[in-house]
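Inspection log for the structure reproduced underneath, given as structure tokens.
The values are calculated or read from the model by the stated rules, or taken from the named source; none is laboratory data. Everything numeric in this text was worked out from a predicted model, so none of it was measured. Methodologically, a virtual Cβ is constructed for each residue, glycine included, from the backbone with ideal geometry; neighbour enumeration extends over all protein chains shown.
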């Protein structure tokens, strides 16, 4: 991408990158790390017309979220 001087990087992330959750500190910390990576990569690669963005889906209905306290269901 740098050689072509253009590109798009899209990273899947989580709402945990915006706030923490009880009993999930390691997971939340990893998502904050991804946030820092996205921001830094965007600043570093912007000069080459390469954008770096995160796609953050909402809560996904899985067996884990069904039993997790505080997870609202639609």
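The set of residues in the range 1-18 that are in a loop (DSSP other than H, G, I, E, B) and either surrounded by 13 or more Cβ atoms within 10 Å (Cβ to Cβ) or out of contact with any helix residue (DSSP H, G or I) (no Cβ under 8 Å at 6 or more places or on another chain) (or both) comprises 3, 4, 13, 14, 18.
Considering only the range 19-55, state which residues are in a loop (DSSP other than H, G, I, E, B) and either out of contact with any helix residue (DSSP H, G or I) (no Cβ under 9 Å at 6 or more places or on another chain) or surrounded by 12 or more Cβ atoms within 10 Å (Cβ to Cβ) (or both). Hits for the range 19-55 are 20, 21, 22, 23, 24, 49. Contact map, the range 3-17: first residue under 12 Å from residue 38 (Cα atoms), second residue surrounded by fewer than 12 Cβ atoms within 10 Å (Cβ to Cβ) and at pLDDT below 95, Cβ cut-off under 8 Å, separation 6 or more or different chains; pairs are 10/55; 11/55; 12/55; 12/57; 13/55. Number of residues in the range 38-62 that are out of contact with any strand residue (DSSP E or B) (no Cβ under 6 Å at 6 or more places or on another chain) and farther than 20 Å from residue 5 by Cα equals 7.
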